[in-house]
Every structure is written in C-alpha cells, then in structure tokens.
Amino acid sequence: MVARVIPVEAFDLVIFGGTGDLARRKILPGLFRRFQAGQMPPEARIIGAARAEHSDDEFRALVADAVAEFMPKAAQDKEALAAFLQRLSYVAIDAKGTQGWSQLKETMRSDVVQAYYFSVAPALFGDIALRLTDNGIAGPDARIVVEKPFGRDLASARALNETLAKHFTESQIYRIDHYLGKETVQNLMAVRFANILFEPLWKSEYIDHVQITVAETVGVNGRGAYYDKSGTMRDMVQNHLMQLLCLIAMEPPYHFDPDAVRDEKLKVIRALDPVQPQDIVRGQYLGGGGEGSYLEDSENPHSRTESYIALKVAISNWRWKGTPFYLRTGKRLRARASEIAVTFREPPHSIFDDAEGWRENVLVIRLQPDEGMHLMVMIKEPGPGGMRLTQVPLDMSFATALGPEAAEVPDAYERLIMDVIRGNQTLFMRGDEVEAAWAWTDPIIEGWEARGDRPQPYDAGTSGPEDALMLMHRDGRRWREIK
Ligand code: NAD
C-alpha cells in the first residue's frame, strides 16, 4: 500500500534560525522530503532568516549540504533537489534590531498561508513576535511555530506564553513536541479509539501497570553547559514522556479535534499526584571505554544534574486509581530504544495446570528504532507435550501489514510542519497544557533541590542506576529489558 499524499495549500514559510543546527538537521531536509513526496504546491516558498549575511545561492548551497549530510538517500535525487532549492531564499535579519525586517515584509505574500518557525533560542521569541507584528509583517491568520524548551519552570513558561499572547492568539501558536509527530504515537490514538477491542480493558481493573521508556546511547555531546542547567526531568519528562503518558491515559475525546484532544490531555496532567521522594531515582553516567563521564561532559565537577531519571507516577481518577505508570529516560544507556508497555493483569482464574508458563499480556508500542506494535499473548506450546503454555508476539509491524513503502514513514518534523500549513493544532501543545505540566514538575525538582539529593552514578552502557531496578522490584514488578 502506498501512502496517500494530499498537497497542502500554497505557503510562505520563514525559518528564523534557518542556518542553525535544528534547521539543518531536521526542518530543511524534512521539507525536501515533503517536496519530493509531491506535497508542496508550485507556489510554496521557504525563506531562511538568520543573523549572518548570505546570498540566496549561499543559503541554497547550505541547504543542499544539509540534505546530503542528513538525508543522503533523498539527496541522490539531484533533479528534485535542484527544483526544491529554487523554492528557497534568504533574508539576513537581526531578531533584536532593525536589520532585515523591511526586506522580509516585501518578501511575504498576503494571499497564501504564512508560517514563521522560531528555530532560535527562546530568549528571542519575544523579540521576533514583536517585530513580526509591529512591522505589519504577520497577517491575521499567520502561524508561529515555537521549539522546546518552552520555559524551565512554571513561572518562565507563563511569562513566555504571556509574551507570545501579546502578539498572537492561541490558535496561531504551534508549540512543537516532536514526539507527537511520530507515526506510532498517532497510531496509539488510532488503536485506542478506532477499535472496540482495547478500550473496555483500558483501566485499572485490567491493566496492572504501564512502563514508558525513552533510552538513549548518546551522552550530552557538546551540549553539556546547556544540559547542566536543564537535566533530564526538564529536558525529557516534562514534555515528551508527559505527552506519551497523556495519550495512554486520556479519556476518549468526543472528536479528533485539536481542542477536544488537548482538553483530555490536560485533564490527565491535572489528575497526576505529586511524586514522593521514594518514587524518584536520579542518575548520572560514569565514563569508560574512551567516553567521558557526565561530570566531565558537563564541565561541572560538582554537578548534581541528572542524566537519568525513573519515576513512579500515580493518576488520581476513576480509570487509573491503582495502576502505576513507571517512567524512565536517560543518556548513555544500553540501547537507543523508546517504547510504551501496557501490562495487563492476570486472568481471574486459570483452568490450566501450567502456571509457570503463564506470562502477562503486554501491549508494546515501540516508538524507535523500529516503529511498530506487538501484543504478547499466550498460546499452547506446539507439540505433543500436553497443554503447556507459551507466550508469542502478535506482531503489528507496519512493513508486514502494509508493505515496505508504508514503513518508510515521514519523520516527525515533516508531519508537524505540514500540519502547521494545514492549520491543524491537534499534535501541538496548548499553552495551558504546558503550564500544567510545569506545575506538576516544579515541586518534584524543588523537592530534590531542597533535600540536596545527589544523583546516583551508573555505568555507561547499562540500563541505569541500581535503585531504578528497586523502584520496580519493591512492587513485585520488573522493567522490560532495554534492547
Ligand atoms: P543554533 O545555535 O544551531 O542556531 C541558532 C540560529 O539562530 C542560527 O541560525 C543563528 O543565526 C540564529 N540567530 C541567533 N541569534 C540571532 C539573532 N539575534 N537574530 C536572528 N537570528 C539569530 O540552535 P539550534 O540547535 O538550531 O536550536 C534552535 C532552537 O531549537 C533552540 O530553541 C533549541 O533549544 C531548539 N531545539 C533544538 C534542537 C536541536 O536538535 N538542535 C532540538 C530541539 C529543540
């Protein structure tokens, strides 16, 4: 089955920070892939805007290099790449000054969708928003896209929301959490709400616990100084893991509509209990095998910032009372693997003698590397050995079910940028959602800061600190292996 591609409307997309790392690695190569897929109408244009002086051709060369580096396979289509580059132009602009704004105004068309991607440091969001509106550049339906981090606590997130709200309405603001753009994450909603099969079981009566794991093999890699001020709780849990938790735990929205979906996610965040100190494990990776430790990478020998965190989280509502959600995420772990595992309870009574062979049903939703889902079910072990039980995966691999082309799913950024052009906010975070997430996160961080907790060291290439294993063991449960 070949994926259907529906072209979007004509647009002018301005990428502030168009020469930066995120633009080069994700945004521009992603746009090229959408162009290649035939999703961009002939009138679509992309305008890079950043501080350095570049001609249009220099910017095009920079983009060609970025596509070759980050999407080498796509870049082999030289004809398509040349045609794509013709859509690009460049404006040298100073977010904090006057340079470039009148040129940008002349460049923008008023009769097409206008989108402004703020791929710059959050400290510049206010300056850019102000200049876009004060100079009469952004039209009344213009959309702005802002990147994480959206604040570092509730107060700063609120201040950022207030700043943006002076210039744009909530329906114009697209706060990116690229986890929501992942194919499997959206499939989670399809599986839950387009099938009758799971929803009746989707509650504490039938679900024992949920595990959410986002494991990385890389360290802080040259971002040590930034990371040390952030830490894993702010960098990963407050946004990505929280969003995944919301999609698993939320009530069915009345319609697949941006505000209906986001209302339900918000209710989940508001129902989260405060997390107790004994339900938090923080870790810091050690060095070895030629790689530095967290303390070396962050260049702060006294740092107490975590590069790993595991949490036991409770949701106080009718559906989830009694079903813990265990979250863990960290750097320099055994494998790069992100998954959600929903573990069901035991059947109320077993008619089989083979109690030892029995294992719980688990629905595993794998976000990376190989996106897909599988459901662990019990069957009879083949052969003449009597009624012995064994567990096998019912595999919902996209490649097998839909053909190899369907497995070539668009990158999260590609999908999200096209959603901005379509004006669909479903997969973007609303301001109140971000604030509620910080309101839950802040006391957790304040708690360990006030207690002076130190993160536990862990060996690189493992599954994290020993205490994280205990977090599960003491409840008679086990983490799934990271592989
Ligand atoms: P970067 O430092 O590589 O690029 C910053 C860009 O902003 C450059 O193009 C620079 O020219 C431009 N810029 C800086 N000051 C400016 C000014 N006064 N006026 C106009 N342009 C100016 O940063 P990045 O890594 O691309 O990150 C951009 C944003 O995206 C940040 O908010 C970052 O936190 C976020 N982000 C980045 C990544 C990533 O993988 N790089 C991932 C998630 C979020």
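The values are calculated or read from the model by the stated rules, or taken from the named source; none is laboratory data. Bear in mind the structure is a predicted one, so any value in this text is a computation, not a measurement. So basically every Cβ, Gly included, is an ideal-geometry build from the backbone, and we count neighbours across all protein chains shown.
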- Please go through segment 299-315 and pick out each residue that is closer than 29 Å to Gln211 by Cα and of a type in the set (S, T, N, Q). Ser303, Thr305, Ser307
- Message: I'd like the full set of residues that are under 24 Å from the mean Cα position of the chain (by Cα) and not assigned by TED's automatic domain parsing to the domain that holds Tyr308, limited to segment 441-483.
- Response: Trp479, Arg480, Glu481, Ile482, Lys483
- Scanning segment 421-451 for residues that are touching a strand residue (DSSP E or B) at 6+ places or on another chain (Cβ under 9 Å) and more than 30 Å from Gln114 (Cα to Cα) gives Trp440, Ile444, Gly447, Trp448
- Of the candidates Val420, Val342, Val409, Val392, the one satisfying the condition of being modelled with pLDDT of 90 or more, among the hydrophobic types (A, V, I, L, M, F, W, C) and surrounded by fewer than 19 Cβ atoms within 10 Å (Cβ to Cβ) is Val392
- Among the residues of segment 13-29, is there at least one that is more than 16 Å from the ligand (Cβ to nearest atom) and surrounded by fewer than 15 Cβ atoms within 10 Å (Cβ to Cβ)? no
- Query: Pairs, please: C-beta under 6 Å, at least 6 apart or cross-chain, first residue in the same structural domain as Tyr116 (by TED's automatic domain parsing) and on the phi > 0 side of the Ramachandran plot and in segment 2-26, second in a loop (DSSP other than H, G, I, E, B) and away from the ligand (no atom under 15 Å from the Cβ)?
  - Reply: none
- Item | Unique residue being in contact with an Asp or Glu (Cβ under 6 Å, 6 or more places away or on another chain) and aromatic (Phe, Trp, Tyr) when the list is Phe325, Phe344 | Phe344
- Query: Can you name the residue in segment 31-49 that is surrounded by fewer than 24 Cβ atoms within 10 Å (Cβ to Cβ) and among the small types (Gly, Ala, Ser) and, of all such residues, is farthest from the ligand (Cβ to nearest atom)?
  - Reply: Gly38
- Query: Say we look at segment 93-127 and pick out the residues that are among the basic types (Lys, Arg) and assigned to a loop (DSSP other than H, G, I, E, B); which of these is nearest to the ligand (Cβ to nearest atom)?
  - Reply: Lys96
- Which condition number does Asn135 fail, the rest of (1) modelled with pLDDT of 95 or more; (2) of a type outside the set (Phe, Trp, Tyr); (3) within 14 Å of the ligand (Cβ to nearest atom); (4) in contact with a Lys or Arg (Cβ under 8 Å, 6 or more places away or on another chain) being met? (3)
- Just give me the residues in segment 61-92 being within 13 Å of the ligand (Cβ to nearest atom) and of a type in the set (Phe, Trp, Tyr), in sequence order. Phe70, Tyr90
- Looking only at segment 52-71, which residues are of a type in the set (D, E, K, R) and either surrounded by fewer than 18 Cβ atoms within 10 Å (Cβ to Cβ) or modelled with pLDDT under 95 (or both)? Glu53, Asp56, Asp57, Glu58, Asp65, Glu69
- Residue within segment 457-466 that is surrounded by fewer than 20 Cβ atoms within 10 Å (Cβ to Cβ), among the acidic types (Asp, Glu) and within 30 Å of Glu147 (Cα to Cα) present: no
- Among the residues of segment 320-343, which ones are under 22 Å from Ala271 (Cα atoms) and of a type outside the set (S, T, N, Q)? Trp320, Lys321, Gly322, Pro324, Phe325, Tyr326, Leu327, Arg328, Ile340, Ala341, Val342
- Item | Sole exception among (1) closer than 19 Å to Val434 by Cβ; (2) among the hydrophobic types (A, V, I, L, M, F, W, C); (3) at pLDDT 95 or above; (4) part of a helix (DSSP H, G or I) for Leu130, by number | (1)
- Task: Please specify each residue of segment 381-403 satisfying the condition of being touching a Lys or Arg at 6+ places or on another chain (Cβ under 7 Å) and in a strand (DSSP E or B).
- Result: Leu389, Gln391
- Message: For segment 9-55, give me the residue count where each residue is part of a strand (DSSP E or B) and among the small types (Gly, Ala, Ser).
- Response: 3
- Message: With the structure loaded, tell me whether Glu58 is in a helix (DSSP H, G or I), among the acidic types (Asp, Glu) and away from the ligand (no atom under 16 Å from the Cβ) or whether it fails that test.
- Response: no
- Within segment 448-460, count every residue that is closer than 21 Å to Tyr326 by Cα and not charged (D, E, K, R). 5
- Query: Which condition breaks for Ala83 when tested against (1) more than 29 Å from the chain's Cα centre (by Cα); (2) within 30 Å of Asp134 (Cα to Cα)?
  - Reply: (2)
- The one condition in (1) touching a Gly at 6+ places or on another chain (Cβ under 6 Å); (2) surrounded by 14 or more Cβ atoms within 10 Å (Cβ to Cβ) that Trp101 fails to fulfil: (1)
- Name the pairs whose Cβ atoms lie under 8 Å apart, with the first residue in segment 49-74 and in the same structural domain as Ala23 (by TED's automatic domain parsing), the second of a type in the set (Asp, Glu) and within 11 Å of the ligand (Cβ to nearest atom), and 6 or more positions between them or separate chains? Arg51/Asp94
- Message: Can you pull out every residue in segment 264-320 that is in contact with a Phe, Trp or Tyr (Cβ under 6 Å, 6 or more places away or on another chain) and not in a helix (DSSP H, G or I)?
- Response: Leu272, Gly283, Gln284, Tyr285, Ser307, Lys312, Val313
- Any idea which of Pro393, Pro384 is free of Cβ contacts under 8 Å to residues at least 40 places away in the same chain and within 30 Å of Ala310 (Cα to Cα)? Pro393
- For Ala74, state whether it is modelled with pLDDT under 95 and assigned to a helix (DSSP H, G or I). yes
